[in-house]
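Every number in this text was worked out from the coordinates using simple rules, so none of it is lab data. Since we're looking at a predicted model, the values are computed, not measured. Cβ placement follows ideal geometry from the backbone for every residue including glycine, while neighbour counts extend to all protein chains displayed.
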Amino acid sequence: MTVPPIDASFSTVQTTSVHGRAVSYLSAGEGPLLLLVHGMAGTARNWDPVIEPLALRNTVVAPDFPGHGDSAPGAGDYSLGSLASGLRDLMVALGHERATLVGHSLGGGVALQFAYQFPAMVERLVLVSSGGLGPEVGAILRAAALPGADLFIRATAAPGATAVGWVAGALGKVGLRANDDLAEVGRAYAALADPDRRKAFLATLHAVVGTEGQRVAALDRLYLAENLPILIVWGERDPIIPVAHGRAAHSQLPGSRLELFPGAGHMPQLESPGRFAAVLQRFLDETEPAAFDGNAWRARFRSA
């Protein structure tokens, strides 16, 4: 399998210090802030194909989670709450007060947690093949949560194209198709040969996934986001997190929008970047940023 090259020429890689640790992020454009949040074992590069069209009318910032990409490892806490706090701290460090959060997979769960912890900082919420909306998850992640998975990953995640090809072939046997989706999974797996990346991946995984599925769900708190503009994007052939989660969340949030990508898997932003960018920009154009009302927020808690 040939891994497609990544064109990252439009965005710039920058690094800032947050609490004494280096945080790497991609940045491009000017305008309202779009914060693009990557998924499990991913990096900011998961957004490369859509950064240029989105940056034509927005400030786009795509950070690497602690211990992922070029960001320094965290302090040991890779829970959703800690990752959400890290995004808040990065926004403050960069001088931003509010953002539209776009979260993919694990990043969707973190974006949901961010909206729960820091509602006044969220203008809109975009969930892409999002975690945190139900217990089901693909066998690959459940297997990675098994005891001894660290030893297996250490032995098989050799760097380079050979490892990516080997992983692509193995994952193809459990339902992932040979496309950009699978290529990125293979690329992410090969990166786990690095001890720091592998440690961060396993710590993050164990915080949200067990052998029986996802440990964390936001379903009991979705009502708090009822006045927030929400876009849900999913590939109809997602083998990692079932599209049924997106449909169920949409039904619980009557004001949300649901965009399904026929034929796409777990990474619609990579498989159909043109359509993804167009769908997202249309959502931004047709909705107004949420105005946070503390009294209404508290009233929802009481009514629940």
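Taking square-rooted eigenvalues a ≥ b ≥ c of the alpha carbon gyration tensor, is the stretch 186-304 rounded, prolate or oblate, where a/c under 1.5 means rounded and, failing that, a/b exceeding b/c means prolate?
Verdict is oblate for the stretch 186-304.
Just check the chain against the gyration tensor rule for me: Cα atoms, a ≥ b ≥ c as the square roots of the eigenvalues, rounded for a/c under 1.5, and otherwise prolate or oblate depending on whether a/b exceeds b/c.
rounded
How much length, in nm to one decimal, is gained on full extension between Phe292 and His206, taken as 0.36 nm per residue of separation minus their Cα-Cα distance?
Length gained, Phe292 through His206: 27.7 nm.
Based on Cβ point charges of +1 for Lys and Arg and -1 for Asp and Glu, what charge dipole magnitude is obtained for the stretch 1-157 about its Cα centre, in debye rounded to the nearest 20?
Charge dipole of the stretch 1-157: 180 debye, to the nearest 20.
Using only the Cα atoms of the stretch 209-268, build the gyration tensor, take square roots of its eigenvalues as a ≥ b ≥ c, and label the shape rounded, prolate or oblate: rounded if a/c is under 1.5, else prolate if a/b is larger than b/c, else oblate.
In terms of gyration-tensor shape, oblate.
Which of Ser129, Ser11, Ser85, Ser105 has the fewest other C-beta atoms within 10 Å, and how do the rest follow up to the most?
Lowest to highest Cβ neighbour count: Ser85, Ser11, Ser105, Ser129.
What number, in percent, do you get for the relative contact order of the chain if the mean sequence gap of Cα pairs under 8 Å and at least 6 apart is divided by its residue count?
19 percent
Can you compute the helix-only [θ] at 222 nm over the chain? Use -39500 (n - 2.57) per DSSP H run of at least 4 residues, normalise by all residues, nearest 500 deg cm²/dmol.
Only helices count here, giving -12000 deg cm²/dmol.
In the stretch 1-143, what percentage of the DSSP-assigned beta bridges are antiparallel, given to the nearest 5?
If we restrict to bridges inside the stretch 1-143, about 45 percent are antiparallel.
Net charge near Asp293, counting Lys/Arg +1 and Asp/Glu -1 over other residues with Cβ under 13 Å of its Cβ?
+1
Among the DSSP beta bridges whose two residues both lie in the chain, what percent are antiparallel, rounded to the nearest 5?
35 percent
Net charge near Ala278, counting Lys/Arg +1 and Asp/Glu -1 over other residues with Cβ under 11 Å of its Cβ?
So the environment of Ala278 carries a net charge of 0.
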